[in-house]
1. Let me spell it out: the conditions are (1) modelled with pLDDT under 90; (2) within 31 Å of the chain's Cα centre (by Cα); (3) crowded, with 20+ Cβ neighbours inside 10 Å, and T99 meets all of them except one. Which number is the exception?
2. Cβ contacts < 7 Å: first residue of a type in the set (F, W, Y), restricted to the stretch 42-71; second residue part of a helix (DSSP H, G or I), any location; separation 6+ or different chain. Result?
3. Residues G129, G134: which one is closer than 21 Å to H201 by Cβ, touching a Leu at 6+ places or on another chain (Cβ under 7 Å) and either surrounded by 14 or more Cβ atoms within 10 Å (Cβ to Cβ) or at pLDDT 90 or above (or both)?
4. Looking for something of a type in the set (V, I, T), modelled with pLDDT of 90 or more and assigned by TED's automatic domain parsing to the domain that holds A89 - is there at least one such residue anywhere in the stretch 147-162?
5. So which residues in the stretch 96-115 are under 22 Å from Q61 (Cα atoms) and touching a residue at least 40 places away in the same chain (Cβ under 8 Å), if there are any at all?
6. Right, I119: under 21 Å from L220 (Cβ atoms), within 26 Å of the chain's Cα centre (by Cα), in a helix (DSSP H, G or I) and at pLDDT 90 or above or not?
7. Give me a count of the residues in the stretch 66-91 that are of a type in the set (G, A, S) and outside any helix (DSSP H, G or I).
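The values are calculated or read from the model by the stated rules, or taken from the named source; none is laboratory data. Treat the numbers as computed from the prediction; the structure is a model and nothing was measured. No Cβ is skipped: glycine too gets one built from the backbone with ideal geometry, and neighbour counts run over all protein chains shown.
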Amino acid sequence: MIAMMAATEAGRRLGGEGVEGDLLELLLRAGTGWVLWLLLILSVLAIALGIERLIFYVQEQRPALALDKALAAVKAGDASGARSHLSAARSMHAAIVRTFLDHAPAGAAAVEEHLQATIEVERSRYERGLAFLGTLGNNAPFIGLFGTVLGIIRAVHDLAGDMDAGGQAVMDGIAESLVATAVGLGVALPAVAIYNACARHTERATSSAEGLGHTLLGYLKREDGGT
């Protein structure tokens, strides 16, 4: 009975060492190279997304002159003229004016609901891709740190296999593995900067569009009160 228990315990130990050995072997084979490639791909995606957002925001700039003409037409009760002034505009402000013109006959309460819905839809367009940038900015350093840990494990393992190499081999391996942390930080900083710039632009555009919506509602309520 005692012999059986001893054999079972020995089997458990051997099984645990086998699992740990397999995991160590997997980590050693993985190395830090794939982490660097992953960070490189993520950085390219972040830069591409930043360029796409820049082009989008340039195309969606507030059409100041056309918007002033459209507001003047709205004041004068010329709905078709207001539409024509904004026919080529793509901004959030143009969408607000179009929504107002489409639903003005339904009254101020209905227009207010439609304007709020339009702002939410437009805001989602302006925020497209920002979740990826925010996630990348928060987690890229940890991905780099994971690569550093893998590199340190490999360096210590190599030292254990060749004690004659001494501490110099370990220091060289650690120095190489720290590159992953540096790259992770290098990926995170631009991603956070792009995210913050896009978020600020979205907030400014949304606030301006909300102000425009309140102005249009003021025109409509004044007309309803006059009639």
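1. Unmet for T99, out of (1) modelled with pLDDT under 90; (2) within 31 Å of the chain's Cα centre (by Cα); (3) crowded, with 20+ Cβ neighbours inside 10 Å: (1).
2. Listed pairs, sorted by first residue: Y57/H201.
3. Criteria check complete, one pass: G129.
4. No: zero hits.
5. I96, V97, F100, L115
6. yes
7. Selection size over the stretch 66-91: 6.
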